[in-house]
Number of protein chains: 2
Amino acid sequence: MEANYGGGVASDLPEGFPSVIPGWFSEISPMWPGEAHSLKVENILFQGKSDYQKVIVFQSSTYGKVLVLDGVIQLTERDECSYQEMITHLPLCSIPNPKKVLVIGGGDGGVLREVSRHSSVEKIDICEIDKMVVDVSKQFFPSVAIGFDDPRVTLHIGDGVAFLKAVPEGTYDAVIVDSSDPIGPAQELFEKPFFESVARALRPGGVVCTQAESIWLHMHIIEGIVANCSQVFKGSINYAWTTVPTYPSGVIGFMLCATEGPAVDFKNPVNPIEGRVGDKGELKFYNSEIHSAAFCLPSFARKLIPAKAD
Amino acid sequence: MEANYGGGVASDLPEGFPSVIPGWFSEISPMWPGEAHSLKVENILFQGKSDYQKVIVFQSSTYGKVLVLDGVIQLTERDECSYQEMITHLPLCSIPNPKKVLVIGGGDGGVLREVSRHSSVEKIDICEIDKMVVDVSKQFFPSVAIGFDDPRVTLHIGDGVAFLKAVPEGTYDAVIVDSSDPIGPAQELFEKPFFESVARALRPGGVVCTQAESIWLHMHIIEGIVANCSQVFKGSINYAWTTVPTYPSGVIGFMLCATEGPAVDFKNPVNPIEGRVGDKGELKFYNSEIHSAAFCLPSFARKLIPAKAD
């Protein structure tokens with residue numbers, strides 16, 4: 001760890017709380033050396049240590065409540081919409097009538113909330129390794145954890161890699177991998193054997209969308225993901241990105257892949273969701289225009305990330 | 001000012017250097033309360049106070065050299081490409097054969113560098129209020145200040161508002177307003193009288209592109225800009241945005257407007273620049289795809305920012 005917590009810790013923050021500005025939470029990591037984003041803390045609501053990671057929830061002064069795992073911001077109430085809506089609707093709006101969906105990770109429930117907007121969906125499995133994340137979300141983030149209330153949802157607490165191995169071949173129309181960074185419990189979710197299990201679990205022409213880091217910070221990781229996916233998935237392979245202010249560099253990317261079968265054109269959604277106001281309220285971020293736009297990459301990234309159409 | 005510099009200042013940083021993490025530069029402002037982005041400092045290269053603002057240049061550990069005006073990051077060597085290329089090529093690629101271009105602000109020279117890629121351009125005026133910015137850029141950012149070397153460039157040191165008033169009606173094909181935030185010397189550049197002067201200085205069907213803050217942080221400012229521009233510009237009016245990791249919230253927007261005259265369709269560039277490798281090297285960020293994509297807004301922003309086609 002190159003982490004340098006320097007500075008003092010305000011007397012009202014507990015010992016060990018990651019703070020470099022007294023009274024502020026600071027996000028410092030070897031994944032983004034030399035920079036740190038800090039949020040002013042009003043109140044620490046929860047601090048715990050599960051079998052897998054340290055879990056913190058705090059009330060920030062301008063981003064609402066914030067969920068932190070192992071020192072890294074996972075979501076804030078103010079900007080969670082862009083991540084949750086994009087990682088969900090990019091895959092689900094790219095195929096007609098998704099029926100069976102698997103979420104790996106995503107224990108906060110936000111992706112479930114978005115999946116459940118799709119009336120074609122009959123079954124939503126979620127496999128989250130850390131029960132503490134689910135419990136904490138239900139307690140502190142009701143507008144996110146609302147996803148668990150949908151009767152189509154079955155929660156499996158356990159290892160996503162093992163879960164996928166036990167899934168009968170061709171079960172799902174879509175798999176969404178809402179993981180943390182590839183340091184810690186999520187590491188295996190970026191490796192080739194995992195992608196092979198995902199491909200097996202998908203029907204022909206099924207799709208996967210996986211959290212795929214930042215084009216500004218992690219091009220080497222992205223190139224690795226693309227290389228793994230190109231070997232495993234025989235359908236379309238595309239990279240998309242969106243803006244999330246509280247993620248490092250302000251952007252996050254998604255790797256979208258399809259298995260061999262009915263062609264999938266990720267850039268041109270066939271299953272529009274916008275305008276459907278259900279019990280989850282209106283979409284805040286996603287629309288069909290921004291779906292297509294998300295696949296347009298800056299030149300420096302386009303050079304290194306080859307897209308593959310069916 | 002709600003700024004809370006808290007914490008200690010490392011002994012190797014001069015007194016008054018904006019640092020909340022010892023040895024790091026921190027960007028705290030009432031424009032983005034409750035959050036701060038920090039960069040690790042290797043070396044302070046310059047600190048000065050001009051008639052208009054405080055100017056700092058430092059070598060960061062992971063973003064190259066950084067230019068700071070009044071405590072706010074203006075550019076870093078690592079990510080300046082996205083801002084400079086987008087603010088320039090969004091307007092210039094939207095009209096055929098731009099010949100006369102005016103840059104207001106932009107004293108670092110980066111926009112000039114991008115304008116000069118356009119071989120149709122015959123004359124580039126730049127009006128920057130602060131000579132210290134130009135001098136500092138020439139000394140510390142040669143790959144940015146290279147824009148001043150183009151023989152088509154005439155530098156005017158002075159107030160952009162006054163400069164525009166003296167410009168004969170209909171002089172320019174395009175005006176680019178590369179300003180800092182509307183607190184400090186750039187405030188007038190966000191007001192209606194300024195936009196009226198810009199419109200007067202443009203030929204019929206001429207275009208302006210102005211720095212227009214963040215959809216995540218400054219929607220009230222953006223709504224004000226849109227309202228002003230809608231009254232002044234009788235052609236197309238569109239808002240675009242891009243990613244700049246070291247700007248607050250990780251995004252920056254641009255207001256694009258056209259005067260009455262030949263129709264301008266900002267979303268569909270008619271004057272592609274990509275692939276032209278001149279003495280400035282290849283474009284790092286901009287391409288025609290990302291030009292069009294930049295106009296696709298998240299739903300929450302689309303609701304508040306009406307676009308107007310010709």
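The values are calculated or read from the model by the stated rules, or taken from the named source; none is laboratory data. The model shown is predicted, which means the values in this text are computed figures rather than measured ones. Because the Cβ atoms are built from the backbone with ideal geometry, glycine has one as well, and the counts that use them run over all protein chains shown. Just so you know, the surface numbers come from the protein's heavy atoms only, side chains and all, with ligands and any DNA or RNA stripped out. Shrake-Rupley method; radii C 1.70, N 1.55, O 1.52, S 1.80 Å.
Taking chain A as a Gaussian network, where each spring joins two C-alpha atoms under 10 Å apart, which residue of A:Ile73, A:Ile215, A:Ile290 fluctuates the most?
A:Ile290
Under the rule a/c < 1.5 gives rounded, and otherwise a/b versus b/c splits prolate from oblate, where does the stretch A:188-274 land using the Cα gyration tensor?
oblate
Let me make sure I get this right: for the stretch B:198-248, a, b and c are the square roots of the gyration tensor eigenvalues over alpha carbons, sorted descending. Under 1.5 in a/c it's rounded, otherwise prolate if a/b > b/c, else oblate. Which is it?
prolate
What's the carbon and sulfur percent of the stretch A:52-102's accessible surface, probe 1.4 angstrom, rounded to a whole number?
That fraction is 45 percent.
Using a Gaussian network model of chain B with C-alpha springs under 10 Å, which one of B:Ser179, B:Ser197, B:Ser299 is most mobile by mean-square fluctuation?
Taking springs between Cα atoms under 10 Å, the residue moving most is B:Ser299.
Only helical DSSP H runs with n ≥ 4 go in: add -39500 (n - 2.57) per run for the protein assembly as shown, normalise by residue count and round the 222 nm mean residue ellipticity to 500 deg cm²/dmol.
The per-residue figure over the protein assembly as shown is -6500 deg cm²/dmol.
As a test of the definition: with a 1.4 Å probe, what buried accessible area, both sides summed, do you compute for B against A, in Å² to the nearest 100?
The buried area between B and A, both sides summed, comes to about 3900 Å².
Please give the helix B:80-92 orientation as an angle from the longest Cα principal axis of chain B, in degrees from 0 to 90, rounded to the nearest 10.
The angle comes out at about 10 degrees.
How big is the antiparallel share of DSSP beta bridges in chain B, given as a percent to the nearest 5?
Here the share of antiparallel DSSP bridges comes out near 65 percent.
Distances from A:Arg276 to the same residue in each other copy, label points 7 Å out along Cα→Cβ, in nm, shortest first?
4.6
Quick one: helix A:219-232 against the long Cα principal axis of chain A, what's the angle to the nearest 10°, folded into 0 to 90?
So the inclination is approximately 30 degrees.
Where Lys and Arg each count +1 and Asp and Glu each count -1, what net charge lies around A:Asp181 among other residues with Cβ under 11 Å from its Cβ?
Result for the neighbourhood of A:Asp181: -2.
How far is A:Lys308 from the same spot in each other copy, in nm, shortest first, if each label point sits 7 Å from Cα toward Cβ?
Shortest to longest, the spacings are 4.8 nm.
Of B:Pro168, A:Ser60, B:Ser179, whose Cα points farthest to the positive end of the dipole of the protein assembly as shown (charges on the beta-carbon: +1 Lys, Arg; -1 Asp, Glu; origin at the Cα centre)?
Sorting the options by dipole projection puts first B:Pro168.
Please give the net charge around A:Thr88, taking every other residue with its beta carbon less than 11 angstrom from that of A:Thr88, where Lys and Arg add +1 and Asp and Glu add -1.
My count for the surroundings of A:Thr88 gives -1.
Label position 7 Å from Cα toward Cβ: report the copy-to-copy distances for A:Asp51 in nm, one decimal, ordered from shortest.
In ascending order, 7.0 nm.
If the viscosity is 0.692 mPa s and the temperature 37 °C, what translational diffusion coefficient in µm²/s does Stokes-Einstein give for the stretch B:51-175 when Rh comes from Kirkwood over Cα pairs?
The estimated diffusion coefficient comes to 220 µm²/s.
Inside 10 Å of the C-beta atoms of B:23-31, what's the mean count of C-beta atoms belonging to other chains?
Mean shielding by partner chains, rounded to a whole number: 3.
Hey, what did chain B get for relative contact order, percent, Cα under 8 Å, at least 6 apart?
After rounding, I find 15 percent.
Suppose we look only past 39 Å in the calculated P(r) of the protein assembly as shown. What percent of the Cα-Cα pairs does that tail hold?
Counting every Cα pair in the protein assembly as shown, those more than 39 Å apart make up 31 percent.
State, as an integer percentage, the relative contact order of the stretch B:88-134 based on alpha-carbon contacts under 8 Å between residues 6 or more apart.
45 percent
What is the sum of charges, Lys and Arg at +1 and Asp and Glu at -1, for the other residues whose Cβ falls under 13 Å from the Cβ of A:Ile56?
Working: positive: A:Lys49, A:Lys54, A:Lys65; negative: A:Glu27, A:Asp70.
Surrounding charge for A:Ile56 is +1.
Could you tell me which of A:Val207, A:Ser299, A:Trp241 has its Cα farthest along the dipole of chain A towards the positive end, charges placed at Cβ (Lys, Arg +1; Asp, Glu -1), taken about the Cα centre?
A:Val207
Counting other Cβ atoms within 10 Å, which trypsin sites (Lys or Arg not before Pro) in the stretch A:270-310 have at most 14 and lie in a DSSP loop?
Within the stretch A:270-310, the qualifying trypsin sites (Lys or Arg not before Pro) (loop, at most 14 other Cβ atoms within 10 Å) are A:Arg276.
Can you list residues whose amide H is under 5 Å from A:Leu283's amide H, if they're 5+ apart or on another chain and H is modeled 1.01 Å from N?
It is A:Gly275, by chain and number.
For chain A, the longest stretch holding no GluC sites (Glu not before Pro) located in a DSSP loop with at most 10 other Cβ atoms within 10 Å is which?
Value returned for the longest uninterrupted segment is A:16-168.
Straight-line reach only, C-alpha to C-alpha below 18 angstrom: list the aspartates and glutamates that A:Lys138 could link to, leaving out same-chain residues fewer than 8 apart.
Straight-distance partners of A:Lys138: A:Glu77, A:Glu80, A:Asp108, A:Glu114, A:Asp125, A:Glu128, A:Asp130, A:Asp149, A:Asp150, A:Asp178, A:Asp279.
Considering Cα pairs under 8 angstrom that are at least six residues apart, work out the relative contact order of the stretch A:206-310 and quote it in whole percent.
Value for the stretch A:206-310: 33 percent.
What is the magnitude of the charge dipole of the protein assembly as shown about its Cα centre, with +1 placed on the Cβ of each Lys and Arg, -1 on the Cβ of each Asp and Glu, and no other charges, expressed in debye to the nearest 20?
For this selection, approximately 1240 debye.
Specify, for chain A, the residue whose C-beta is closest to the rotation axis mapping it onto chain B, with the distance given in whole Å.
A:Gly250, 1
Could I get the Rg over Rh figure for chain B? Both from C-alpha atoms, Rh via Kirkwood, rounded to two places.
Checking Rg against Rh, the ratio lands at 0.95.
If each residue of separation counts as 0.36 nm, what is the full-extension length gain between A:Ala263 and A:Lys99 once their alpha-carbon separation is subtracted?
Length gained between A:Ala263 and A:Lys99: 57.3 nm.
Using only C-alpha positions, report the orientation-averaged shadow area of the convex hull of the stretch A:165-310, nm², one decimal.
That works out to 9.5 nm², a quarter of the Cα hull's surface.
Need one value for B:249-257: mean number of C-beta atoms belonging to other chains within 10 Å of its residues' C-beta atoms.
Per-residue shielding by partner chains comes out at 3.
How far is helix B:192-201 tilted off the main Cα axis of chain B, in degrees rounded to 10, range 0 to 90?
Once rounded, the angle reads 50 degrees.
Under the Karplus relation 6.51 cos²θ - 1.76 cosθ + 1.60, θ = phi - 60°, what is the ordered set of whole-Hz ³J(HN,Hα) values for the stretch A:146-155, x standing for Gly and Pro?
Here the 3J(HN,Hα) series is 3, x, 6, 6, 5, x, 7, 8, 10, 8 Hz.
Check which residues have an amide H placed less than 5 Å from B:Leu45's amide H, if you skip close sequence neighbours.
B:Val57, B:Phe58, B:Gln59
Go ahead and run the numbers for FRET between B:His220 and A:Lys54, Cβ-Cβ distance against an R0 of 35 Å, rounding to 0.05.
About 0.40, to the nearest 0.05.
Distance between the C-alpha centers of the stretch A:54-88 and the stretch A:183-249? Whole Å please.
21 Å
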